[in-house]
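These notes concern the structure reproduced below.
The values are calculated or read from the model by the stated rules, or taken from the named source; none is laboratory data. The structure displayed is predicted, hence computed values, not measured ones. Cβ: placed from backbone, ideal geometry, glycine included. Neighbour counts: every protein chain shown. Heads up: the accessible areas ignore ligands, DNA and RNA and are worked out on the full protein's heavy atoms, side chains in. Shrake-Rupley method; radii C 1.70, N 1.55, O 1.52, S 1.80 Å.
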Amino acid sequence: MLTDSLGNPVTLSDPSGLGAVNDFVEGVIACEARVVNVLKIAADDESAILQAYCAALHMFAESREAPANAWPFLHRAQTAINANPAVTLRERRFVAAIAAWVAGDTARACALHEEQVQEFPRDLASLKLGQYHHFNAGNAPAMLRQALAAEHAAADVPYFHGMLAFCYEQCHQLDAAEVAARRGIQLCRKEPWSHHAVAHVMLTQGRSREGYAFMADMSDTWQGLNSFMLTHNWWHQALFAIELESFDEALRLYDDRIWGVVKTYSQDQVNAISLLSRLELRGVGVGDRWQDVAAYLVSRTADQVSPFLDLHYLYGLARAGKPEADVLMQNLLAHAKRQGASSAAWPNVAVPAARGLLAHARGNFKQAAEQLAMALPQLVAIGGSHAQRDWFEQLARDALKRSPR
């Protein structure tokens with residue numbers, strides 16, 4: 001039987017598709033753009049795992065349209081399972097996890113990915129997806145639990161150590177995080193998720209000068225990455241520049257490295273929005289850059305894919321003075337009301353945070369301080385990393401300082 005590059009058995013209609021399967025598996029864990037190569041052969045090979053990989057790629061778009069775009073591939077994956085009893089349990093479970101994701105049941109998807117890591121600990125693409133869902137729900141302990149379950153079987157894979165390192169960092173185990181990340185880099189210098197984990201550790205520990213030098217030294221390896229990993233590592237470099245009060249350098253990184261790779265992608269937009277705001281909080285003028293970002297946010301008003309994303313879109317639109325900010329706000333409120341207690345992050349956290357962000361962007365600092373204060377104690381529920389959520393705390397402090405009371 002065919003196996004992928006990590007040794008997992010693969011059921012394919014055409015063995016020539018194995019290269020594209022490996023591009024997905026390795027591309028996901030190495031954050032490389034070649035992950036999309038699987039789409040190029042989707043019409044020629046309707047194997048279950050290959051079609052499920054294509055569906056997952058569409059879901060990574062993090063847009064309102066993503067489930068509909070993923071559905072044809074998922075349907076073909078499910079059809080292939082029904083037609084071919086040779087499809088393995090690992091592949092069947094992966095397809096089921098993607099189906100749960102497409103249906104919006106990320107709790108079910110998480111449970112399936114957790115089952116997968118217990119039985120097939122070298123299915124690191126599944127592990128990465130499980131961590132992705134837990135991360136978006138703010139559940140760092142679950143991320144770490146999953147990674148530790150794979151450690152005995154995947155310690156030879158450099159990209160695994162970056163995944164483990166980031167989990168340690170999100171669980172405040174900074175020393176363990178840096179050890180794991182350094183191990184990943186030792187095995188493969190081009191391991192961007194390990195670079196990312198080291199950046200988190202150094203930012204948290206105030207090692208800004210060392211962090212800036214480290215990322216600069218590693219940056220020559222950031223070739224062939226997906227736009228998120230490329231722009232996000234440069235985003236971390238810009239955070240170090242801000243901490244060092246090298247504001248011109250941070251703006252240069254924004255213009256040359258962070259904004260402009262894939263302006264339509266959610267994560268690139270989030271990077272841009274938070275960085276512009278952080279610069280403004282330090283008194284740096286950003287010119288007409290808000291207008292450029294907002295041009296790509298106006299289509300996001302009805303997304304409601306995640307509160308973390310919506311909150312960034314809202315602030316970007318409001319800072320640009322776009323009326324679509326109010327449209328997004330109303331859609332967010334309506335979505336939160338529909339979610340109710342089934343997803344408390346929306347009504348309990350996203351709603352006051354959204355009101356606070358909108359107020360801050362429009363100069364109503366008293367309301368901003370009051371609303372953000374309501375959201376901050378539960379902010380972890382919206383997902384994002386410590387470094388990303390720190391932006392909300394910076395805005396809250398700024399609002400308090402500028403509030404009239």
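Counting Lys and Arg as +1 and Asp and Glu as -1, each charge on the Cβ, what is the dipole of the chain about the Cα centre in debye, to the nearest 20?
So the dipole magnitude of the chain works out to roughly 1180 debye.
What's the tally of Lys pairs in the chain whose alpha-carbon atoms lie under 24 angstrom apart, where the two lysines are 8 or more places apart or on different chains?
The number of close lysine pairs in the chain is 6.
With θ taken as phi - 60° and the coefficients 6.51, -1.76 and 1.60, list the Karplus ³J(HN,Hα) couplings across region 125-130 in order, rounded to whole Hz; mark glycine and proline as x.
Along region 125-130, the couplings run 5, 5, 4, 4, 5, x Hz.
Towards the positive end of the charge dipole of the chain, with charges on Cβ (+1 Lys, Arg; -1 Asp, Glu), say which of Val293, Gly27, Pro85 has the farthest Cα.
Checked the options; the winner is Val293.
Mind ordering 219-225, 302-308 by average Cβ neighbours within 10 Å, highest first?
Details: 219-225: 15.0, 302-308: 20.7.
Most protected by this proxy first, the peptides run 302-308, 219-225.
Mind checking the per residue accessible area of the chain for me, 1.4 Å probe, whole number of Å²? Spell out each step's value before the answer.
Numbers: 15580 Å² over 405 residues.
On a per-residue basis, the chain sits at 38 Å².
Given the Cα-Cα distance of Glu245 and Asp217 and 0.36 nm per residue of separation, how much length would full extension add, in nm?
Additional length available on full extension: 8.1 nm.
Quantify, in whole percent, the carbon and sulfur part of the accessible surface of region 309-405 (1.4 Å probe; protein heavy atoms only). All intermediate terms of the calculation are to be shown ahead of the outcome.
Values: 2020 of 4050 Å².
Ligands and nucleic acids excluded, carbon and sulfur give 50 percent.
Of Gly384, Gly316, Pro67, whose Cα points farthest to the positive end of the dipole of the chain (charges on the beta-carbon: +1 Lys, Arg; -1 Asp, Glu; origin at the Cα centre)?
Gly316
So if I take the centroid of the Cα atoms in region 43-102 and the same for region 321-346, what is the distance between those two points in Å?
After rounding, the separation between the Cα centres reads 30 Å.
Tell me what the chain gives for mean residue ellipticity at 222 nm when only DSSP H runs of n ≥ 4 count, each as -39,500 (n - 2.57), the sum divided by the residue total, rounded to 500 deg cm²/dmol. Don't skip to the answer; put the middle values down first.
Details: 20 runs with 264 residues, N = 405.
It comes out at -20500 deg cm²/dmol, rounded to the nearest 500.
Hey, what did the chain get for relative contact order, percent, Cα under 8 Å, at least 6 apart?
On the way: 639 pairs, mean separation 42.4, N = 405.
Contact order relative to length: 10 percent.
Which ³J(HN,Hα) values in Hz, rounded to whole numbers, follow from the phi angles of region 159-166 under the Karplus curve 6.51 cos²θ - 1.76 cosθ + 1.60, where θ = phi - 60° and Gly and Pro get x?
Here the 3J(HN,Hα) series is 5, 4, 5, x, 4, 5, 4, 5 Hz.
Between 0 and 90 degrees, rounded to the nearest ten: what's the tilt of helix 66-83 against the longest Cα principal axis of the chain?
Tilt relative to the chain: about 20 degrees.
Can you tell me the 0 to 90 degree angle between the C-alpha axis of helix 192-204 and the longest principal axis of the chain, rounded to 10?
30 degrees
Roll a 1.4 angstrom probe over the protein heavy atoms and tell me the percent of accessible area of region 186-252 that is carbon or sulfur.
Whole-percent figure for carbon plus sulfur exposure: 48.
Between region 1-42 and region 124-179, how many Å separate their Cα centres?
22 Å
About the Cα centre of region 230-298, how large is the charge dipole given +1 on each Lys and Arg Cβ and -1 on each Asp and Glu Cβ? Please answer in debye to the nearest 20.
Its charge dipole is roughly 180 debye.
Can you put Lys263, Lys366 in order of accessible area, largest first, using a 1.4 Å probe?
Greatest to least solvent exposure: Lys366, Lys263.
Only four residue types carry charge here, +1 at the Cβ of Lys and Arg and -1 at the Cβ of Asp and Glu. Report the dipole size of region 1-138 about the Cα centre in Debye, rounded to the nearest 20.
That gives region 1-138 a dipole magnitude of about 180 debye.
Loop-only trypsin sites (Lys or Arg not before Pro) in region 117-210, please: DSSP not H, G, I, E or B, and at most 15 other Cβ atoms within 10 Å.
Arg189
Residue by residue through region 4-11, which ³J(HN,Hα) values in whole Hz follow from phi under the Karplus form 6.51 cos²θ - 1.76 cosθ + 1.60 (θ = phi - 60°), with glycine and proline marked x?
7, 5, 9, x, 7, x, 10, 9
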